Every structure is written in C-alpha cells, then in structure tokens.
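Shown next, in structure tokens, is the structure this report addresses.
The values are calculated or read from the model by the stated rules, or taken from the named source; none is laboratory data. All figures in this text were calculated on a predicted structure; none of them were measured in a lab. Here the Cβ is made from the backbone with ideal geometry for all residues, glycine too, and neighbour counts use every protein chain on show.
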C-alpha cells in the first residue's frame, strides 16, 4: 500500500507525483491532471492507498482512495 502526493514544484513549475516518505518524485508532468493520473496508477500498482492532490499554493484540495488493481469489491467513490 502506497500513498502519493500531487504537488507543484516551486523551482521548475512542473507538477510532480511523489510517494509519501520518498526522497525523489516518481515523475514530473506538465499538468496537474497528468500527475494525478500517474499517481493513481502508481498507487494501484503497489496495492492501493491514498492520493492527496494539493493546490498550486500547497494546501490539500482533494484526496482519493485508490483500491488495489485486483480488488473484487472496490469501495464506491461518492464524491465523483
């Protein structure tokens, strides 16, 4: 299970998907949507977890629970 954060890199201006507790980002992307999609895929591939999406200035604006790719009874997302 792995949690990821989607944040804007203040130096480069790129969006990044970073695993919680990691030293480096898992990837850098041009848009927040691309970084969010990648973070959700990374999380699903590692057994699910939480993806926290930060706004451009830093505070968390949304979060999604990601289920493992092989979960026969995934929870239903009631926000989307």
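Values computed for the structure shown
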item: Tally of residues being at pLDDT below 95 and in a strand (DSSP E or B) across the stretch 28-50; result: 2
item: Meets criteria (at pLDDT 95 or above, assigned to a strand (DSSP E or B) and either in contact with a helix residue (DSSP H, G or I) (Cβ under 8 Å, 6 or more places away or on another chain) or surrounded by fewer than 16 Cβ atoms within 10 Å (Cβ to Cβ) (or both)) for residue 16; result: yes
item: Yes/no for residue 2 being buried (at least 16 other Cβ atoms within 10 Å of the Cβ) and part of a loop (DSSP other than H, G, I, E, B); result: yes
